[in-house]
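The values are calculated or read from the model by the stated rules, or taken from the named source; none is laboratory data. Bear in mind the structure is a predicted one, so any value in this text is a computation, not a measurement. Virtual Cβ from ideal backbone geometry, glycine too; neighbours counted across all protein chains shown. Side chains are part of the model used for accessible areas, which takes the heavy atoms of the whole protein and leaves out ligands, DNA and RNA. Shrake-Rupley method; radii C 1.70, N 1.55, O 1.52, S 1.80 Å.
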Amino acid sequence: MYAYLPTPAVVIELAQMEENIRKMTEAAAGYQIKVRPHIKPHKSVEIARLQLRMGCSGITCAKLGEAEVMAKGGIDDILIAFPLIGQEKMQRLKILSRKARVITIVNSEEGARQLSETFQNSPDKIEVLIEVDGGINRGGKKPYEPTLEFARQIAGLPGIDIKGILYYGGTIYGEKDREGFEKTSAREREEMLGTARMLENAGFHMEILSGGNSYSSKMPWLLEGITEIRPGHYLFNDVGQLMSGFAKEQECALRVTASVVSIVDERHAIIDAGSKTLTTDICARKEGYGYVVGRPDITISKLNEEHGFIESEGRLGLEIGDKIAVIPNHACVVPNLADEVYGIRNGKLDHLIRIDARGKNR
């Protein structure tokens, strides 16, 4: 597979990626939910523009550096879903806000105060969402009364405009079956809508209710009533999605192709993709460091930096120079390790895609 590519190489099946985007935007639209995808899985201006052309309402960035790259690429509606702290970031945010509509989040009085001091004399306020904790204790305020109390604490600060709330239901990644995924998604909706009603009743205007993840966003009927979702690796899918039944093998658009460089014995071999290509992320639903396309009997059992150790249940049947394609355990981290990835269409190389925001982690 992908015999014409040098290895190791990160590959995107373009037609499948486009189909994944289409399915997400159309399904969400059926419940009046906008899609504001996270760009961290691809970090590519080209792919972000594609998502917007295919119906997404804006983009989400994890870090200010990503947002700066996307704005330079002409994208003008950006949510930074991370608390910005420190004067260096405040000044960068102020400059960025002159180039694009930027929304960010707050989860502390200190963070809100810094934003206020930065934008209080600006022509336009900075739009903010209050981060609501979805159960993983990662910085947000607890739903309901704690969020309302925090909103009241920062409401009088000049220069900021509270537009709504942001929720990340990260506990869903620990669920083991469909019932658990659905229950966690339903709780996400309940906590978001309940918290928003409480804030509305207290006089706050909740224009944006931002939630969703790459699991709950695939069940928009369970999120009806929120205004936008922020799925990330839905456009690629990965082993987590595959093993939980949210994607089929052919729907996994991101692959890593690798060559066999050594045969140990009839059941064991070594490939030229290690942790610097596949990453060391694991998946609770499958042993090893990825899923070999068409060969579920093969396990990638160990990684060094440049070596991958594979083994099969029976005879491996591979020779030195043969190539395999691997669906990564976690799609969000693989493109960030490459300067460019290979866009494939109809079995042929279509073009190279630049990973513009690679390494923009601050």
Once Lys and Arg are counted +1 and Asp and Glu -1 for all other residues with Cβ under 13 Å from that of Phe204, the total becomes -1
Which order do Tyr4, Tyr168, Tyr234 take when ranked by solvent-accessible area (1.4 Å probe, heavy atoms of all protein chains), largest first? Tyr4, Tyr168, Tyr234
Just to confirm a number: summing +1 for Lys and Arg and -1 for Asp and Glu over residues other than Gly317 whose beta-carbon lies under 11 angstrom from that of Gly317, what do you get? -1
Given a 1.4 Å probe, the accessible area of the chain per residue, as a whole number of Å², is 43 Å²
Quick check: convex hull over the Cα atoms of the range 45-138, volume per residue in Å³, rounded to an integer? 105 Å³
Span from the the range 1-21 Cα centroid across to the the range 137-174 one, whole angstrom: 39 Å
What value does the range 297-362 have for Rg/Rh, both radii from Cα atoms and Rh as Kirkwood defines it? 1.03
Grab every C-alpha pair in the chain, bin the distances at 20 angstrom width from 0 up to the longest one, and report whole percents. 29, 53, 17, 1
To the nearest 10 Å², what's His268's accessible area with a 1.4 Å probe? 50 Å²
At what distance in nm do the modelled label points of Leu349 and Met1 sit from each other, each positioned 7 Å from its Cα along Cα→Cβ? 1.9 nm
Show me 51-63, 17-29, 340-352 ranked by packing, highest mean number of other Cβ atoms within 10 Å first. 51-63, 17-29, 340-352
Quick check on packing: order 70-77, 35-42 by the mean number of other C-beta atoms within 10 Å, highest mean leading. 35-42, 70-77
Express the relative contact order of the range 212-362 as a whole percentage, based on alpha carbon pairs under 8 Å and six or more residues apart in sequence. 21 percent
Accessible surface of the range 86-218, 1.4 Å probe, proportion on carbon and sulfur as whole %: 46 percent
Dimensions in Å of the range 225-362 - Rg and Dmax from alpha carbons: 15.7, 57
With all protein chains in place and a 1.4 Å probe, Glu68 shows an accessible area in Å² (nearest 10) of 60 Å²
Compute the angle between helix 145-154 and the longest alpha-carbon principal axis of the chain, please, reported from 0 to 90 degrees and rounded to the nearest 10. 60 degrees
